[in-house]
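To start, the structure under review is shown below, and the notes come after it.
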Amino acid sequence: MSDRLPSGVTYRTIEGSDRLVTEGPPVYGEPTSEGWRAWDVRRSKLGAMFERGMDTGLEGGETVLYLGAAAGTTVSHVADFAGPTYAVEFAARPVADLLEVAAERPNLFVLLEDARSPSEYAHVVEPVDVIVQDVATRDQAQVANANRQFLSDDGRLLAVVKARSEDVTADPETVFDRFLDRLEGYSVLETERLDPFHDDHLAVIATPE
Amino acid sequence: MVNYGMNLCVLYICGRAIRFENTFGSPVVWWAMNADRGSDRGWFSSVSPGDPETYVGAIADGSANEPADWPSRSIESGVVPDQSSYYELLHAATQATARAQVRRRERTDDQRLIHCIRAMDDTERVANELAERVSAWSSTTDTPVSGIDGARELLSRSPTQTDDAIAAATDERLVSLAEQVVSLDDEATALRETIEKSMPTVAPNLSMLAGPVLGARLIALAGGLEALAKQPSGTIQVLGAEDALFAHLAGRGSSPKHGVIFVHEYVSGTEPSLRGSAARALAGKLAIAARIDHYAGDRRPSLQAELDERIATIQSRGDGDE
Ligand SMILES: C[S@@+](CC[C@H](N)C(=O)[O-])C[C@H]1O[C@@H](n2cnc3c(N)ncnc32)[C@H](O)[C@@H]1O
């Protein structure tokens, strides 16, 4: 399982339990030990993907475009092990916190932009190895499609689909199928439900076709 | 910021226009080429490294049709010498831009809070008015109640059985009216909680010194945080006492010593002969707090210590006047 972890992400014993960790300044009150910060997989879907042993293809040091960064819980860990990390978030309130996270991470670049309008940040973001998407909004497939242009040919899309964001009444499976149907220009490598860490969430790993 | 972007655009068009004279015959061709070129320029093409004022417009107002290897391009075009300086510049630029954008958005947050505090006052006032009606009405029943708590009590009781058709019908309306009172009162509480939660973000220092609700009230009376930040402390001291102030200016009555800041314990808790001094000291610090909140936005705990000390001096020696 650990052989699938990128370098810079590992397991360590913190406060008596084995925790997924990265190395960097703490962000959300997570326990730390000798510079390693526990990655709370219940608060982070990407963390849950690692915990589940999904093959993210990440090796460490990649250039990353992160869509839906919120206050930076997950993207802070990403910036700890990745290279240049572009964090897009369109709500101002969480960005105020995200700026503090980025102040301590010179490789984390905050963009207060709408992930549905990539041309508004294409003059800043370079082609990337990985897109992490966790936007929890309607039209999640459209967001992935619109941002495909940033992904290098052998890059990866690591997307999390939240069923309730698309349609509160529909059955989650239906919503997930619809997302996969609408995904254009990608071939899907792996999908997995993230329950019980995150109810009604599907993790999708894809690569450009 | 918009203007800034447009200036750049004009400069750029001028630059292209010179080449157009030499190379192309048709303005249409020139325009097409210009539009095309404009879309593949990186954000850095309009910044001067070391001049943070140029960063915000470059990131916020720029756009491109597609991404490109911006780090290499910036080095090729001589903006930065190497990759690490590129990322350093990008970091400074994105931090400055997002910070400015967040602050700009937060500007409208004060207007939302103004609606919250006015709605809180409205719901409290109407709840009280209707509660009076409920009280008067309930005195015609076997179980008279009084006030908003009375309306709550009335709801918690099981309805009395009666054969009197009129009593049954009107009691039903009375209970329904009591429900409205309770739900308005709950809404007032929820509005207060929202104000208490939001004020520390919108105006951290004002919220710290005045308390969230009084702070929001001052913002509402001034018409916004920016407007409040521009008021002299003497005006802040009497905000909410406009009627008394106008009467005084018209030659009737004395000049008011305080407006809504009276509810602050540092004013109401000071003995009457010293209240004017306490109100003046408090208003002075609130004016500074509002300015820091509007122009800087960071929390300055020292303000609280300074105010505490000043008020202690006034209250103990009674020589607060300068
Ligand atoms: C579930 S939260 C992300 C949590 C975050 N990924 C983490 O684990 O720390 C979803 C975020 O996506 C943002 N979002 C939704 N739609 C967006 C859009 N069109 N563009 C940018 N951000 C968006 C929301 O504001 C919210 O902060």
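Tabulated values for the structure
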{"quantity": "The stretch B:72-121, residues that are under 22 Å from residue B:40 (Cα atoms) and crowded, with 20+ Cβ neighbours inside 10 Å", "calculated": "B:74, B:86, B:90, B:93, B:94, B:97"}
{"quantity": "Strands (runs of 3 or more DSSP E) within the stretch A:1-100 that include 1 or more residues within 10 Å of the ligand (Cβ to nearest atom)", "calculated": "A:64-67, A:85-88"}
{"quantity": "Residues (in a loop (DSSP other than H, G, I, E, B) and β-branched (Val, Ile, Thr)) located in the stretch B:138-193", "calculated": "B:140, B:141, B:143, B:145, B:160, B:162"}
{"quantity": "Selected residue (only one of B:75, B:148 is in contact with a helix residue (DSSP H, G or I) (Cβ under 6 Å, 6 or more places away or on another chain) and away from every other protein chain (no Cβ under 12 Å))", "calculated": "B:148"}
{"quantity": "Scope the stretch A:129-175; condition within 16 Å of the ligand (Cβ to nearest atom) and assigned to a strand (DSSP E or B); matching residues", "calculated": "A:130, A:131, A:132, A:133, A:157, A:158, A:159, A:160, A:161, A:162"}
{"quantity": "Test: residue in the stretch A:120-128 that is closer than 24 Å to residue B:96 by Cβ, within 13 Å of the ligand (Cβ to nearest atom) and out of contact with any Leu (no Cβ under 7 Å at 6 or more places or on another chain)", "calculated": "yes"}
{"quantity": "When residues of the stretch A:116-141 are limited to those that are of a type in the set (S, T, N, Q) and under 24 Å from residue B:40 (Cβ atoms), the one farthest from the other protein chains (Cβ to nearest Cβ)", "calculated": "A:117"}
{"quantity": "Test: residue in the stretch A:184-202 that is aliphatic (A, V, I, L, M) and closer than 17 Å to residue A:115 by Cβ", "calculated": "no"}
{"quantity": "Failed criterion for residue B:171 (all others in (1) free of Cβ contacts under 8 Å to residues at least 24 places away in the same chain; (2) more than 30 Å from residue B:201 (Cβ to Cβ) hold)", "calculated": "(1)"}
{"quantity": "Tally, over the stretch B:230-279, of residues that are within 18 Å of residue B:206 (Cβ to Cβ) and in a helix (DSSP H, G or I)", "calculated": "15"}
{"quantity": "Restricting the stretch A:69-80 to residues that are touching a Ser or Thr at 6+ places or on another chain (Cβ under 9 Å) and surrounded by fewer than 24 Cβ atoms within 10 Å (Cβ to Cβ), the residue that is farthest from residue A:25 (Cα to Cα)", "calculated": "A:73"}
{"quantity": "Those residues of the stretch A:21-33 which are within 15 Å of residue A:8 (Cβ to Cβ) and surrounded by fewer than 21 Cβ atoms within 10 Å (Cβ to Cβ), in sequence order", "calculated": "A:23, A:24, A:25"}
{"quantity": "Criterion (among the small types (Gly, Ala, Ser), within 14 Å of chain B (Cβ to nearest Cβ) and at positive phi) met by exactly one of A:57, A:68, A:72", "calculated": "A:72"}
{"quantity": "Inter-residue pairs, beta-carbon under 6 Å, first in contact (Cβ under 8 Å) with a residue 60 or more places away in the chain and more than 15 Å from residue A:150 (Cα to Cα) and in the stretch A:100-121, second crowded, with 21+ Cβ neighbours inside 10 Å and of a type in the set (S, T, N, Q), 6+ apart", "calculated": "A:101/A:76"}
{"quantity": "Some residue of the stretch A:184-191 being outside any strand (DSSP E or B) and either within 14 Å of chain B (Cβ to nearest Cβ) or over 28 Å from residue B:96 (Cβ atoms) (or both)", "calculated": "yes"}
{"quantity": "Residue A:108 open to solvent by less than 10 Å² (accessible area, probe 1.4 Å) and either among the aliphatic types (A, V, I, L, M) or at the interface with another protein chain (Cβ under 10 Å from one of its Cβ atoms) (or both)", "calculated": "yes"}
{"quantity": "Test result for residue B:218, in contact (Cβ under 8 Å) with a residue 60 or more places away in the chain and not aromatic (Phe, Trp, Tyr)", "calculated": "yes"}
{"quantity": "Residue list for the stretch A:21-46, restricted to those being closer than 20 Å to residue A:159 by Cα and without any contact (Cβ under 8 Å) to a residue 60 or more places away in the chain", "calculated": "A:39, A:40, A:43, A:44"}
{"quantity": "Given (1) surrounded by 20 or more Cβ atoms within 10 Å (Cβ to Cβ); (2) within 14 Å of chain A (Cβ to nearest Cβ), index of the condition residue B:134 fails", "calculated": "(2)"}
{"quantity": "Cβ-Cβ under 8 Å pairs, at least 6 apart or on other chains, the stretch A:140-165 side over 22 Å from residue A:199 (Cα atoms), far side assigned to a helix (DSSP H, G or I) and within 11 Å of the ligand (Cβ to nearest atom)", "calculated": "A:146/A:118; A:147/A:118; A:149/A:118; A:150/A:118"}
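Quick grid of which residues meet (1) under 21 Å from residue B:66 (Cβ atoms); (2) open to solvent by 10 Å² or more (accessible area, probe 1.4 Å); (3) among the acidic types (Asp, Glu):
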| residue | (1), (2), (3) |
| --- | --- |
| A:94 | no, yes, no |
| A:100 | no, yes, yes |
| A:103 | no, yes, no |
| A:119 | yes, yes, no |
| A:123 | yes, no, no |
| A:134 | no, yes, yes |
| A:137 | no, yes, no |
| A:158 | no, no, no |
| A:181 | no, yes, yes |
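The values are calculated or read from the model by the stated rules, or taken from the named source; none is laboratory data. What you see is a predicted model; the values in this text were computed from it and never measured. Counting neighbours? That spans all protein chains shown, and the Cβs are built from the backbone with ideal geometry, glycine included. Accessible surface areas use protein heavy atoms only, side chains included; no ligands, DNA or RNA. Shrake-Rupley method; radii C 1.70, N 1.55, O 1.52, S 1.80 Å.
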